[in-house]
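The values are calculated or read from the model by the stated rules, or taken from the named source; none is laboratory data. Keep in mind that what you see is a predicted model, and the values were worked out from it rather than measured. Virtual Cβ from ideal backbone geometry, glycine too; neighbours counted across all protein chains shown. Protein only, heavy atoms only, side chains kept; ligands, DNA and RNA dropped before computing areas. Shrake-Rupley method; radii C 1.70, N 1.55, O 1.52, S 1.80 Å.
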Amino acid sequence: AVLVALVVLGAPPAAGERLSGVFQDMAKFECRFMNGTEKVRFVQRNICNRVEDARFGSDVGKFVGFSPSGEKQARHWNSDPEGLQYEQADTTTTC
């Protein structure tokens, strides 16, 4: 359905490549331990079609965008203080 929408909207495929018909959207969660378990860093990566769009790092305390759409998402997520507090709490609950 997404492929059809992209074709109908006129989104061209990459130069010389065929459209696969697959759209991938995922999030990866990591816990990074430094000095044993003394310092813990929680990282959430938001990935779309094998490209990291945005990332939350507990040491930074906010989302950072790595693409135009990721920057837009990061601004939106960072404008919600309650959501950022929830992400920061994931450090203790997840790790």
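Count the net charge of all other residues whose Cβ sits under 15 Å from the Cβ of A89, scoring Lys and Arg as +1 and Asp and Glu as -1.
That sum, taken over residues with Cβ under 15 Å, equals -3.
Express in nm, to one decimal, how much length is gained between Q85 and M34 on full extension, taking 0.36 nm for each residue of separation and deducting their alpha carbon distance. Can you show the working numbers first?
On the way: separation 51, 0.36 × 51 = 18.36 nm, distance 2.24 nm.
Roughly 16.1 nm would be gained on extension.
Within a Cβ distance under 12 Å of K39, other residues only, what is the Lys/Arg minus Asp/Glu net charge?
Details: positive: R32, R41; negative: E38, D59.
Local charge sum for K39: 0.
So between T93 and M26, what do we pick up on full extension, going 0.36 nm a residue minus the alpha carbon distance?
Working: separation 67, 0.36 × 67 = 24.12 nm, distance 2.04 nm.
Extra length from T93 to M26 when fully extended: 22.1 nm.
Would you work out what percent of the accessible area of region 24-94, with all protein chains in place, is carbon or sulfur (probe 1.4 Å)?
Working: 2400 of 4800 Å².
Carbon and sulfur atoms account for 50 percent of the accessible area of region 24-94.
How would region 24-94 be classified by its alpha-carbon gyration tensor: rounded, prolate or oblate, with rounded meaning a/c under 1.5 and the a/b versus b/c comparison settling the rest? Provide the component values of the computation, followed by the final result.
Values: a/c = 2.28, a/b = 1.46, b/c = 1.56.
Judged from the Cα gyration tensor, region 24-94 comes out oblate (a/c at least 1.5, b/c at or above a/b).
Can you tell me the order of 30-41, 76-87 when each peptide is scored by its average per-residue count of other Cβ atoms within 10 angstrom, highest first? Don't jump to the answer; show the numbers that get you there.
Values: 30-41: 10.9, 76-87: 12.5.
Descending packing order for the listed peptides: 76-87, 30-41.
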